[in-house]
1. Which whole DSSP H helices in the chain pass both tests: a Cα extent of 24 Å or more along the axis and a mean Kyte-Doolittle value no lower than -1.0?
2. Considering the chain as a Gaussian network with a 10 Å cut-off on Cα pairs, which listed residue, Glu53, Glu147, Glu117, attains the greatest mean-square fluctuation?
3. With each label point set 7 Å from Cα along the Cα-Cβ vector, what nm distance links Ile39 and Arg11?
4. Only counting other Cβ atoms within 10 Å, I'd like Ser101, Ser128, Ser120 sorted with the fewest neighbours first.
5. Under 16 Å from the Cα of Lys91, which aspartates and glutamates turn up, not counting those fewer than eight places away in the same chain?
6. Let me make sure I get this right: for the range 57-112, a, b and c are the square roots of the gyration tensor eigenvalues over alpha carbons, sorted descending. Under 1.5 in a/c it's rounded, otherwise prolate if a/b > b/c, else oblate. Which is it?
7. Which is farthest toward the positive dipole end of the chain among Leu20, Ala114, Ser169, measuring Cα position about the Cα centre, with Cβ charges +1 (Lys, Arg) and -1 (Asp, Glu)?
8. For the range 119-190, what D do you get in µm² per second when you plug the Kirkwood radius from alpha-carbon pairs into Stokes-Einstein at 37 °C and 0.692 mPa s?
Amino acid sequence: MLNLKLPTDPRWVNLAEKSLEDILTDHAYCEQKAATYCISLIQQFPEKIEMVEELAPIVTEEWGHFRMVLRELKKRELQLGRQRKDEYVNKLLSFQKKGGSRDERLLERLLTCALIEARSCERFRLLSLHINEDELKDFYHQFMVAEAGHYKLFIELAEKYAGKQVARSRWEEYLVYEEQVMKELELRGDRMH
């Protein structure tokens, strides 16, 4: 379903498990940034009425996810650490075509969001299947389901506003690029991406 060209190295789960405070911190900030990015899309493209209507509840959901991760940290007597630079997301942002029409810029943003959600979904799936603690398996399963829905929504919006052929062609370019990014990034257990 996700069409990712390179699966996450299975060792990532073991690394994440050893850095639970760090992975939960990074996860919390990923949720916060997702909410903020959806708000930004609404502000930049208010004329895209269907997108605005679809993203408004996502903002609330993502912020709710941020709060869920904060509760998990507190329950485990762990601290929310400092936000760190997300190399993965920054590399995806650098791949976006600059300039172009408003619709072309929107396509780039929607596909970037779709790819982040797809990779997050894949990683949450790994955690939900392979992390040692059953309670955390359930915790991450909820996020996996949500991210899958968000991924699907961003792809549908990209196809709606750019046309299926244009969106799918550019999506394939993103998938090829993301595969290379994943090969180059260091495997770290303290990062969601």
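Just so you know, all these numbers are worked out from the coordinates, no wet-lab data involved. As the structure is a computational prediction, the values presented were derived from the model and not from experiment. FYI the Cβ positions are ideal-geometry reconstructions off the backbone, even for glycines, and counts take in every protein chain you see.
1. Length and hydropathy pass: 20-44, 49-75, 102-130, 134-162.
2. Highest fluctuation among the options: Glu53.
3. The two pseudo-label positions are separated by 3.9 nm.
4. Placing the least packed residue first, the sequence is Ser101, Ser128, Ser120.
5. Cα-Cα hits under 16 Å: Glu108, Glu117, Glu173, Glu178, Glu179, Glu184, Glu186.
6. oblate
7. About the Cα centre, the residue reaching furthest to the positive side is Ser169.
8. 235
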